[in-house]
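Participant: I'd like to ask some things about the structure below.
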Amino acid sequence: MDVVPPALARLIEDLHRLPGIGRKTATRLALHILRRPAAEARDLARDLVDLHGAIHLCRNCFAFSEKDPCVICGDPGRDPALVCVVEEPADLMAIEKTGAFKGQYHLLHGVLSPMDGIGPEEIRIGALLSRVKKGTVAEVLIATSSTVPGEATAAYLISRLQGMQVKVTRLACGIPMGMDIKYADDVTLARAIESRMDTGKP
Amino acid sequence: MESCSTLAIVLEVKEFGESDKIITFYSEDRGKLCGIAKGARRSLKRFVNKLELFSVLELLYTNSRSSSLVMIDQAELISSLPLLRQNYNRYVAAALIAESTLHWTREHDAEPALYELLAWSLNYLTDPRHPPSWGVILFLTRLYTLVGYDLQLDGCVQCGTLLPTLSPYHFYNSRQGFVCSACRRRLQSSVQDPAMPLATGTVKILQKAKILPLVKLNRLKFTQNAESEALILLHGYGKNLLQRDSHSWAFLAGYSKDHKG
Ligand SMILES: [Zn+2]
Ligand SMILES: [Zn+2]
């Protein structure tokens with residue numbers, strides 16, 4: 001397709017490499033950028049160039065941050081003894097949005113996925129274990145997804161944290177709010193029963 | 001468009017776009033298929049918790065005219081094999097079985113016996129008494145036969161000398177079987193790859209693993225030596241034939257690091 005000018009073709013290729021962007025969408029986005037004023041494109045280019053320079057991983061929790069330690073780890077109001085383990089930054093953002101969690105995080109940046117060549121050494125598990133070994137963490141809350149790789153990663157973490165002086169908890173799994181239990185699938189319902197809560201009454 | 005219903009085992013799950021999933025599954029009557037489940041990443045009731053690795057499903061799908069991807073319309077969970085996610089070593093073994101199935105099969109190439117073997121093997125791994133690596137050995141030994149690359153364990157592939165006389169057993173990946181010492185001398189220059197020596201016990205148990213009916217297969221018990229030789233053999237054999245490696249080998253419990261390469 002040499003009817004597409006090379007500069008435009010290169011941008012389409014670049015956008016097409018982004019997750020969830022097909023060639024059609026990439027073409028649409030590239031043409032959109034081309035039709036808008038050149039200043040907008042320059043702003044976009046500058047933001048892209050600045051990204052890696054400005055953002056680093058927090059050395060404590062491995063969140064993307066412009067500061068080290070990150071805003072959460074640097075906040076004296078957050079409890080450093082409670083550490084929530086998540087797969088990726090989007091999961092951290094989802095939990096932060098609830099406002100219900102007052103501890104710190106640990107980002108694994110992935111899940112154990114043997115088929116993709118991702119084992120314990122490929123994600124930030126070693127760093128979590130050394131963080132716990134320092135003795136300042138009282139509870140690790142494992143908040144990986146309830147997909148098969150997420151659960152297998154949780155199982156691996158639980159086995160590695162066993163025997164360390166730390167309480168290990170797992171995000172509860174159960175019936176979504178507002179759902180009639182007769183429509184819940186067997187696995188979800190069984191998990192909800194296993195992780196039932198004490199109502200505090202005798 | 002044709003709508004089909006089949007039993008299927010999920011081999012691979014990939015996120016696609018904002019809300020869809022692409023699932024590769026091995027179906028009972030159409031072999032390996034790849035399908036898209038629209039909206040599966042949002043908590044849509046018809047898909048949530050079902051389109052997961054290793055799940056056994058009753059799938060309703062529609063063939064597409066324009067693409068090889070089928071459209072997954074509905075999924076009913078038959079079994080989810082929870083132990084395969086609650087134990088890392090079992091998860092790795094199941095992943096290796098799924099990955100091998102992906103590598104060794106073509107789409108729309110039905111092999112009901114392979115569906116049966118796959119279901120049997122994943123189920124085998126959910127029994128805490130079975131070491132995960134044994135499940136891998138039993139699966140691969142039979143997979144190679146089903147895909148037309150039978151491990152030749154009965155005699156010398158050159159002269160046909162049968163087993164007891166053949167000893168010591170030297171397996172050559174390049175010949176897909178044993179070559180006796182007399183033939184080795186004769187072939188000197190053309191047999192280039194290193195021999196894989198196998199103990200009598202290993203050969204015997206692998207022969208049984210090939211022919212026993214599935215219902216009797218879980219009786220087989222491997223010694224440590226047979227387990228380790230069988231894993232090296234099955235790994236090297238597959239890798240040599242496919243000219244590619246399965247990533248999951250690197251994480252299999254009890255498999256010596258020296259052979260992972
Ligand atoms: Zn931090
Ligand atoms: Zn011979």
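Participant: Once amide H atoms are placed 1.01 Å from N in the peptide plane, what residues at a sequence separation of 5 or more from residue B:12, or on another chain, have their amide H within under 5 Å of its amide H?
Facilitator: B:24
Participant: Per 10 Å bin, what is the whole-percent P(r) computed from every C-alpha pair distance within region B:180-245?
Facilitator: 17, 38, 35, 10, 1
Participant: If you wrap chain A's Cα atoms in a convex hull and average its projection over all directions, what's the area in nm²? Write down the numbers at each step before the final one.
Facilitator: Details: hull surface 70.7 nm².
One quarter of the hull surface, i.e. the mean projection, equals 17.7 nm².
Participant: Let me ask you something else. From Cα pairs below 8 angstrom and at least 6 apart in sequence, can you work out the relative contact order of region A:6-54, rounded to a whole percent? Could you put the intermediate results ahead of the total?
Facilitator: Working: 21 pairs, mean separation 12.5, N = 49.
Relative contact order of region A:6-54: 25 percent.
Participant: Something else now. What's the FRET efficiency of residue A:133 with residue A:71 using the Cβ-Cβ distance as r and R₀ = 35 Å, to the nearest 0.05? Kindly include the intermediate steps, with their values, before the conclusion.
Facilitator: On the way: r = 25 Å, r/R0 = 0.72.
After rounding, the FRET efficiency stands at 0.90.
Participant: Follow-up question, since we're still on this one. Starting from the Kirkwood Rh over alpha-carbon pairs, what translational D in µm² s⁻¹ does region B:96-188 have by Stokes-Einstein at 20 °C and 1.002 mPa s? Present the calculation step by step, with values, prior to reporting the outcome.
Facilitator: Values: Rh = 15.2 Å.
So the translational diffusion coefficient is about 141 µm²/s.
Participant: Gap in Å between the Cα centre of region B:204-242 and the Cα centre of region A:59-114?
Facilitator: That distance is 45 Å.
Participant: Once the principal axes of the Cα atoms of region B:1-80 are found, what is the range along each, listed largest first in whole angstroms?
Facilitator: 28, 27, 19
Participant: Then there is this: So how far apart, in nm, are the two label points at residue B:192 and residue A:14 if each is 7 Å from Cα heading toward Cβ?
Facilitator: 4.5
Participant: How far is the Cα center of region A:132-202 from the Cα center of region B:146-160, in Å?
Facilitator: Taking the Cα centre of region B:146-160 as reference, the centre of region A:132-202 is 49 Å away.
Participant: Counting only other chains, and only Cβ atoms inside 10 Å, what mean value do you get across the residues of A:146-158? Don't skip to the end; give the middle numbers.
Facilitator: On the way: counts 4, 7, 14, 6, 2, 7, 12, 3, 3, 8, 5, 1, 2.
Going residue by residue through A:146-158 and averaging, the value is 6.
Participant: Net charge near residue A:138, counting Lys/Arg +1 and Asp/Glu -1 over other residues with Cβ under 11 Å of its Cβ?
Facilitator: On the way: positive: A:167; negative: A:79, A:139.
The answer is -1.
Participant: Still on this model: Please compute, for peptide A:100-113, the average count of beta-carbon atoms on other protein chains lying within 10 Å of each residue's beta-carbon. All intermediate terms of the calculation are to be shown ahead of the outcome.
Facilitator: Numbers: counts 0, 0, 0, 0, 0, 0, 0, 0, 0, 0, 0, 0, 5, 6.
Rounded to a whole number, the mean comes out at 1.
Participant: So how do A:27, A:144 line up by other beta-carbon neighbours within 10 Å, fewest first? Each step should come with its number before you reach the end.
Facilitator: Working: A:27 18, A:144 24.
Taking fewest neighbouring Cβ atoms as first place, the list is A:27, A:144.
Participant: Still on this structure, I have one more. Across the residues of A:117-124, average count of Cβ atoms on other protein chains within 10 Å? Could you put the intermediate results ahead of the total?
Facilitator: Details: counts 7, 3, 6, 2, 2, 1, 0, 0.
Mean inter-chain Cβ contacts per residue within 10 Å come to 3.
Participant: Above 35 angstrom, tally the Cα pairs of the protein assembly as shown and express them as a % of all pairs, no decimals.
Facilitator: Roughly 45 percent, rounded to a whole number.
Participant: Which peptide among A:86-97, B:202-213, B:112-123, A:162-173 comes first, and what is the full order, when sorted by highest mean count of other Cβ atoms within 10 Å?
Facilitator: Descending packing order for the listed peptides: B:112-123, B:202-213, A:86-97, A:162-173.
Participant: Between residue A:29 and residue A:97, how high is the FRET efficiency from 1/(1 + (r/R0)^6) when r is the Cβ-Cβ distance and R₀ = 25 Å? Nearest 0.05. Could you put the intermediate results ahead of the total?
Facilitator: Working: r = 27 Å, r/R0 = 1.08.
Plugging the Cβ-Cβ distance into 1/(1 + (r/R0)^6) gives 0.40.
Participant: Turning to a different aspect of this structure: So which aspartates and glutamates can residue A:167 reach, going by Cα to Cα under 12 Å and dropping same-chain residues fewer than 8 places off?
Facilitator: A:139
Participant: Another question about this same structure. Region B:3-158: Rg/Rh from Cα coordinates, Kirkwood Rh? Spell out each step's value before the answer.
Facilitator: Values: Rg = 16.2 Å, Rh = 16.1 Å.
My calculation puts Rg/Rh at 1.00.
Participant: List the aspartates and glutamates whose alpha-carbon lies under 20 Å from that of residue A:24, not counting same-chain residues fewer than 8 positions away?
Facilitator: Within the straight-line cut-off, residue A:24 pairs with A:2, A:13, A:14, B:15, B:18, B:20.
Participant: Would you mind checking which residues have amide H under 5 Å from residue A:105's amide H? H placed 1.01 Å from N; only 5 or more apart, or other chain.
Facilitator: Amide H to amide H, under 5 Å and 5 or more residues apart or across chains, residue A:105 pairs with A:84.
Participant: Continuing with this model, one more query. So, in nm, how far is label residue B:210 from label residue B:4 when the simple model puts each one 7 Å beyond its Cα toward the Cβ?
Facilitator: Taking the two extended label points, one gets 3.1 nm.
Participant: From zero up to wherever the largest Cα-Cα distance of region A:79-171 sits, split into 10 Å bins and tell me the percent of pairs in each.
Facilitator: Result returned by the calculation: 17, 54, 27, 2.
Participant: Kirkwood-based Rg over Rh for region A:6-54 (C-alpha set), two decimals?
Facilitator: Working: Rg = 11.3 Å, Rh = 11.4 Å.
For region A:6-54, the value is 0.99.
Participant: Add +1 for every Lys or Arg and -1 for every Asp or Glu among the other residues with Cβ under 12 Å from the Cβ of residue B:106, and state the total.
Facilitator: Working: positive: B:30, B:32; negative: B:107, B:109, B:111.
Around residue B:106, the surrounding residues sum to -1.
Participant: With only alpha-carbon atoms counted, please give the Rg and Dmax of region B:83-261, in Å.
Facilitator: 16.2, 53
Participant: Continuing with the same structure: Given a Förster radius of 35 Å and the C-beta distance between residue B:184 and residue B:220 as r, what FRET efficiency does 1/(1 + (r/R0)^6) yield to the nearest 0.05? Let's see the in-between values first.
Facilitator: Values: r = 30 Å, r/R0 = 0.86.
After rounding to 0.05, the efficiency reads 0.70.
Participant: Right, here's the next one. Can you pull the Kirkwood radius for region B:54-120, inverse mean 1/r over Cα pairs, to one decimal in Å? Walk me through the numbers on the way to the answer.
Facilitator: Values: mean 1/r = 0.0723 Å⁻¹.
After inverting the mean inverse Cα-Cα distance, the result is 13.8 Å.
A short reminder: the numbers here are calculations on the coordinates, not readings from a lab. Bear in mind the structure is a predicted one, so any value in this text is a computation, not a measurement. Ideal geometry is used to build each Cβ from the backbone, glycine not excepted, and the neighbour counts take in all protein chains shown.
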